[in-house]
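**Q** Here you go, one structure.
The values are calculated or read from the model by the stated rules, or taken from the named source; none is laboratory data. Keep in mind that this is a model prediction, so the values were computed, not measured. Using ideal geometry, Cβ is built from the backbone for each residue, glycine included, and neighbour counts are taken over all protein chains shown. Heavy atoms of the whole protein, side chains included, go into the accessibility calculation; ligands, DNA and RNA do not. Shrake-Rupley method; radii C 1.70, N 1.55, O 1.52, S 1.80 Å.
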Amino acid sequence: MNKIVVNGGNKLVGEVEIGGSKNAALPILFAGILTGEVCIFSSLPRVSDVLLTLEILRALGARIRFVEGGDVVVDYATVRPAIPPIALTGAIRGSVYLLGAMLGRFGRACLGGVGGCDFGSRPIDQHLLGFAAMGAAEDADNGTLCLTAAKGLCAADIVLKMPSVGATANLLMAATAAEGKTVIRNAAAEPHVAALCDFLTAAGAKIAGQGTDVLTVFGKKPLHGCRFAIIPDMIEAGTYLAAAMATGGRVTVKNVVPTHLDAPLALLREMGATVTVGKTYVTLRAPAHYRALTVETGPYPAFPTDLHPQLAALFTIGRRATGTGRVVERVWRERFRYTEELAKMGAEVKIDGECAEFLPSRLLPATVRSPDLRGGIALLIAALSIKGRCEITNAATVGRGYEHLETKLRGIGADVRVLG
Ligand code: EPZ
C-alpha cells in the first residue's frame, strides 16, 4: 500500500462491515504466549500491524495457520525464550507486549526495540515500574532491554501515573503469572483492554474489575488454549462515520458495539448529524452543513485520541463546516503532524501546544504525505470531500490499521484506488 488516489466529491452512501480491532488484536495475540497451548482467533483484522505480530510470534517459534472461514490458529507450545529480530519488533508499537507475555511465561523477556506511529516521545516507564514492583530486574544486553524475574513474579499493588493502555495490558499479562493478588489502579478502561481481560479469563485467568480503572488479578491460575473472537474496531467505525460527515452522506457501520462509540456519537450529534443506534449497528445521516466544535481527547470513555485527526479534518472542510473547531489533545501532545499536510490542501490551522484551531477552509486537490495511521486517514477524509484528484503518499502507514480500505470505501460510493 504505497499511495491512495482519491477523486473526491462523491456522497458516501451505504453500509460498511467493521472488522476486528487492531488495538485489541495486538495484546491478545501476544498474551496467547502465556497459555503455551493452541488458541483460535476469529475476526482478526488482516492489517499490517497484525500480520507483523504474527511474524514476530513465528520468529519466536509459534506455529500459525490461517484456516478457511477466516480463523487463525496459533500454537504457542513451541514458543522459545528468544529475542525476536529488531527489524520486526522495531516496526510496530505492539511488540512492547512481548515484555509482559514473555516475563509471565519464561521469567525473562528481552526486546531490541519497538516502533509504531511517531508522536514524539513514547515512554514505557509505567510498564517498567510495574514490572519492577512484581520483582523483575532490568538489565541491558547489548542495547537490548531485558527483564528477569529470578525468583518468579510476585503480586503487587500498582498505581499507574496515567491510565496507559500499554502499561495496563502488559502488567495484566505479567500479573497472571504472579503468585497472589495484583491490583492495578488508575488502569486504562478502553474496550480493547477489557477484551484482553476477556481473553485471559477465557484462557483460565481470574480477573476482577474488567472495564473499570481498578483491575485485580488473582495470579498463578493455570492458563490454557481457547477460542476467542476479537471485538469490533471502534476507531475504524468512527472513521467511516466521519467520512460520511465529510461528504454529506449516509452510512451504516455494521458489526459494532455502539456503546464503545458513545463519546464520538455524542459529538457527531452535537455537530448536527442524525445518528440512529441499533444493537450492533450505527447509522449516521450527515447534514448539508455541520457545526465545528471544541473537543478534548482523553482516556476512555472520553473522546478517543485515535479519532482526533479524522474529526479535525471535518472542521477544515469549508463546504460543510461552520464556525471554528478546536482540538485539545491530552494524550499525544505531538499528534499534529498531519496538520502540515492538511495545510497543503488549503486548511487553515493554528497550533498552540496541545491545542489546535481549525477554520473552515476552501480545500483544493493536492498531493500529501501520510505522517502516521490516523493522520493519513484524516487526509483521506479531507480528500473525499474535495472535487478533484488528491494523492496520499506513504500510505503504508494507513495500512497498519485499515482492512480492505479500498473495497469498503468503493462499496459506499467513493472513487478511491489504493496502489502498491
Ligand atoms: C495505545 O498506545 C494505542 N496503541 C494507541 O493507538 C492509542 O493512541 C493509545 O493507546 C491511547 O489510547 C496500541 O494499542 C498498539 P498509552 P500506547 O500507553 O499503549 C503516556 C492508533 O492510532 N505514557 O495509553 O502506547 C504516553 O506518552 C494508536 O491506533 C507514559 O508517559 O498508549 C501517552 O501520553 C496510536 N509512560 C499516554 O501515556 C508510559 O509508561 C497514553 O499512552 C506509558 C504511557
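**Q** How many of the residues in the stretch 304-327 are part of a strand (DSSP E or B) and farther than 27 Å from Thr259 by Cα? Give the steps one after another, and end with the answer.
**A** Within the stretch 304-327, the subset part of a strand (DSSP E or B) is 317, 321-322, 325-327.
Now restrict to residues that are farther than 27 Å from Thr259 by Cα: 317, 322.
The total comes to 2.
**Q** Is it fair to say Arg333 is of a type outside the set (Gly, Ala, Ser) and more than 15 Å from the ligand (Cβ to nearest atom)? Steps first, answer last, please.
**A** Values: of a type outside the set (Gly, Ala, Ser): yes; more than 15 Å from the ligand (Cβ to nearest atom): no.
No: the conditions fail for Arg333.
**Q** Quick one: would you say Thr144 is more than 16 Å from the ligand (Cβ to nearest atom) and free of Cβ contacts under 8 Å to residues at least 12 places away in the same chain?
**A** Details: more than 16 Å from the ligand (Cβ to nearest atom): yes; free of Cβ contacts under 8 Å to residues at least 12 places away in the same chain: no.
Criteria not met by Thr144.
**Q** Ok, one more. Name the residues in the stretch 244-269 that are out of contact with any strand residue (DSSP E or B) (no Cβ under 7 Å at 6 or more places or on another chain) and either away from the ligand (no atom under 16 Å from the Cβ) or not in a helix (DSSP H, G or I) (or both), would you? I'd like the intermediate steps shown before the answer.
**A** At the first step, the residues of the stretch 244-269 found to be out of contact with any strand residue (DSSP E or B) (no Cβ under 7 Å at 6 or more places or on another chain) are 247-248, 259-260, 262, 266.
Within the stretch 244-269, Thr247, Gly248, Thr259, Ala266 meet the criteria.
**Q** Is one or more of the residues making up the stretch 389-397 free of Cβ contacts under 8 Å to residues at least 40 places away in the same chain and away from the ligand (no atom under 16 Å from the Cβ)?
**A** Scanning the stretch 389-397 turns up no residue that is free of Cβ contacts under 8 Å to residues at least 40 places away in the same chain and away from the ligand (no atom under 16 Å from the Cβ).
**Q** Testing Lys221 on (1) open to solvent by 10 Å² or more (accessible area, probe 1.4 Å); (2) in a helix (DSSP H, G or I); (3) not small (Gly, Ala, Ser), one condition comes back false. Which one is that?
**A** Failing condition for Lys221: (2).
**Q** In the stretch 173-200, which residues are surrounded by fewer than 17 Cβ atoms within 10 Å (Cβ to Cβ) and closer than 22 Å to Tyr300 by Cβ?
**A** Scanning the stretch 173-200 gives a single hit, Arg185.
**Q** Of the residues that sit in the stretch 57-84 and are β-branched (Val, Ile, Thr) and more than 25 Å from Pro222 (Cβ to Cβ), which one is least open to solvent (accessible area, probe 1.4 Å)? It would help to see each step written out before you state the result.
**A** Restricting attention to the stretch 57-84, the residues satisfying the condition of being β-branched (Val, Ile, Thr) are 64, 67, 72-74, 78-79, 83.
If we keep only those that are more than 25 Å from Pro222 (Cβ to Cβ) as well, we get 67, 83.
Details: Val67: 45, Ile83: 85 Å².
It comes out as Val67.
**Q** Where residues in the stretch 147-172 are within 16 Å of Val217 (Cβ to Cβ) and open to solvent by 20 Å² or more (accessible area, probe 1.4 Å), which of them is nearest to the ligand (Cβ to nearest atom)? If you could, list the steps in order and put the result at the bottom.
**A** Our first condition is that a residue be within 16 Å of Val217 (Cβ to Cβ); within the stretch 147-172, this holds for 149, 152-160, 167-172.
With the extra rule that they be open to solvent by 20 Å² or more (accessible area, probe 1.4 Å), the set shrinks to 152, 154-155, 157, 159.
Details: Gly152: 24, Cys154: 21, Ala155: 20, Asp157: 18, Val159: 13 Å.
Result: Val159.
**Q** Checking Leu215 against (1) within 26 Å of Leu160 (Cα to Cα); (2) assigned to a loop (DSSP other than H, G, I, E, B); (3) in contact with a Cys (Cβ under 8 Å, 6 or more places away or on another chain), which single condition isn't satisfied?
**A** (2)
**Q** For Thr89, indicate whether it is touching a residue at least 40 places away in the same chain (Cβ under 8 Å) and among the hydroxyl-bearing types (Ser, Thr, Tyr). Quick ask: steps written out before the conclusion?
**A** On the way: touching a residue at least 40 places away in the same chain (Cβ under 8 Å): no; among the hydroxyl-bearing types (Ser, Thr, Tyr): yes.
Considered against the rule, which asks whether it is touching a residue at least 40 places away in the same chain (Cβ under 8 Å) and among the hydroxyl-bearing types (Ser, Thr, Tyr), Thr89 comes out as no.
**Q** Then there's this: If a residue has to be more than 11 Å from the ligand (Cβ to nearest atom), open to solvent by 20 Å² or more (accessible area, probe 1.4 Å) and out of contact with any Cys (no Cβ under 7 Å at 6 or more places or on another chain) to count, how many in the stretch 114-137 make the cut?
**A** So the count comes out to 3.
**Q** Which members of the stretch 282-316 meet the condition of being in contact (Cβ under 8 Å) with a residue 60 or more places away in the chain and away from the ligand (no atom under 16 Å from the Cβ)?
**A** Correct list: Ala292, Leu314, Thr316.
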